[in-house]
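The values are calculated or read from the model by the stated rules, or taken from the named source; none is laboratory data. None of the values given here were measured: they were computed from a predicted structure. For neighbour counting, all protein chains shown are included, and Cβ atoms are generated from backbone atoms with ideal geometry for every residue, glycine included.
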Amino acid sequence: MIIVSSCLAGIPCRYNAAHSEAAEVAALVKEGKAIPVCPECLAGLPVPRPSSEIVGGSGEDVLLGKAKVLAKTDAGLLDATDAFVYGAEAALEIALRVGAKVAVLKQNSPSCGAGSIYDGTFCGKKRIGNGVAAALLIKNGVEVISR
């Protein structure tokens, strides 16, 4: 069993209420070989929700308390760190319960990004790094594949 980002399975759970369906990922879910998870939805964040980026580091830094996840709202930037950490922990719990050794996650996401995330400036620029859930899964021995 593997876990996959829900948006890759065609579930409209992204911050903008869209999905990023990847046919092969959706097929794995339909075949019962993968379980879709959305750390942000697991944390109780709404769909749609403000776009968020990691500021001051990477997902690993967020887990260490050295960086934050900020959400860009009309009222300014709001700290969403606790929700992202909670969602990452919930995703890890699911992975552990089903014995998932592999996760296929949405690239660039502040939760699921593996190897590449937005740089925290909300300008569309990317940098090397992992999202919060990806970092926690990797830390716990789950192989993360970015899609």
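The table for this structure:
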| read-out | value |
| --- | --- |
| Filter pass, residue 58 being in contact with a Pro (Cβ under 9 Å, 6 or more places away or on another chain), closer than 25 Å to residue 140 by Cα, buried (at least 20 other Cβ atoms within 10 Å of the Cβ) and touching a residue at least 24 places away in the same chain (Cβ under 8 Å) | no |
| Cβ-Cβ under 8 Å pairs, at least 6 apart or on other chains, the stretch 71-82 side at pLDDT 95 or above, far side among the hydroxyl-bearing types (Ser, Thr, Tyr) | 71/51; 71/52; 72/51; 72/52; 80/52 |
| Of all residues in the stretch 20-53 being over 14 Å from the mean Cα position of the chain (by Cα) and of a type in the set (Asp, Glu), the one that is farthest from residue 6 (Cα to Cα) | 31 |
| Single residue of the stretch 15-33 satisfying the filter (without any contact (Cβ under 8 Å) to a residue 40 or more places away in the chain and touching a helix residue (DSSP H, G or I) at 6+ places or on another chain (Cβ under 7 Å)) that is farthest from residue 103 (Cα to Cα) | 19 |
| Filtered residues of the stretch 81-94 (kept if in contact with a helix residue (DSSP H, G or I) (Cβ under 9 Å, 6 or more places away or on another chain) and over 10 Å from residue 137 (Cα atoms)) | 81, 83, 84, 85, 86, 87, 90, 94 |
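Residue-by-condition table, conditions (1) surrounded by 15 or more Cβ atoms within 10 Å (Cβ to Cβ); (2) of a type in the set (S, T, N, Q); (3) over 22 Å from residue 116 (Cα atoms):
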| residue | (1), (2), (3) |
| --- | --- |
| 5 | yes, yes, no |
| 19 | yes, no, no |
| 31 | no, no, yes |
| 36 | yes, no, no |
| 39 | yes, no, no |
| 44 | no, no, yes |
| 49 | yes, no, no |
| 70 | yes, no, no |
| 80 | yes, no, no |
